[in-house]
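The values are calculated or read from the model by the stated rules, or taken from the named source; none is laboratory data. Source: prediction; values computed, not measured. Cβ atoms come from the backbone with ideal geometry, glycine included; neighbour counts cover every protein chain shown. Ligands, DNA and RNA are stripped out before the accessible areas are found, and what is left, the full protein with its side chains, is counted by its heavy atoms. Shrake-Rupley method; radii C 1.70, N 1.55, O 1.52, S 1.80 Å.
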Amino acid sequence: MNVLLVCFFFLHSAQSLILDENAAPQNTVDALQIMLAEEKQLRMQLGNQVQALENRMGSVESFQKECGCDGRPTGNPAFMAALSKDLIHCSKGQPVIFDSEKLNSGSAYNNIHGIFTAPITGTYMFTATLSVMPNNAYHTAFVKNNATNEIGYLYTDPINLWLERSTTVLTHLDSGDEIWMVCLSDSRIEGDHNHGWEGANDFHSHMSGFLLSAD
């Protein structure tokens, strides 16, 4: 702003000299040449200041990217959540909500809805372990973005034994993609039985996932 005021002053002064009939022509030309030289010097100084400011902004942006201060997610998102209560009749398309959070690095898992939302584009691994009491069964699947887009399957048939089975899937997710588990038919899944003597508590059924590598 100061540079603009100075330039305006120079131009106004030059105009006054030109309109001044009493000024000698040679004096007017000399004065104009001096003002033009000074104006050129001021423009160069202003250009140098702008360049220095751009360099500083570039340095700040580089520092932000290195330290993760630019608002982008950093680190590897990872979570583990367990089922705190039995799902006695999990109907077709119903989400299996692992509500007891054990780990949620990056806060990408929502234990209210049972949904993991990828904060970073990359390759992810998900695992699930489900338990069922004798003479019951479950048929479930990992799904991506909608309840019919199955990317992994986990089931049991009814037998006269307690069963615990696990499965693992690898999948590529774009930032914002969602992963959760649904029941494919009427199912029973065991949650917390508070078996303190077993040391298992609510780990009868659980789900976990983490980022393997970012794109």
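Observations on the model:
- Only one of T127, T140, T148 that is farther than 13 Å from F116 by Cα and at pLDDT 95 or above: T140
- Considering residues of the range 84-104 that are out of contact with any Leu (no Cβ under 9 Å at 6 or more places or on another chain) and of a type in the set (D, E, K, R) only, the residue farthest from S187 (Cα to Cα): K102
- Residue identified as on the phi < 0 side of the Ramachandran plot, of a type in the set (D, E, K, R) and either open to solvent by less than 30 Å² (accessible area, probe 1.4 Å) or not in a loop (DSSP other than H, G, I, E, B) (or both) among K92, K102: K102
- Search result, residues across the range 118-146 that are more than 22 Å from the chain's Cα centre (by Cα), surrounded by 17 or more Cβ atoms within 10 Å (Cβ to Cβ) and assigned to a loop (DSSP other than H, G, I, E, B): N136, Y138
- Tallying residues that are open to solvent by less than 60 Å² (accessible area, probe 1.4 Å) and either closer than 18 Å to F98 by Cβ or in a strand (DSSP E or B) (or both) within the range 147-177 yields 10.
- Matching residues in the range 105-117 - criterion: being of a type in the set (A, V, I, L, M, F, W, C) and either free of Cβ contacts under 8 Å to residues at least 40 places away in the same chain or outside any strand (DSSP E or B) (or both): A108, I112
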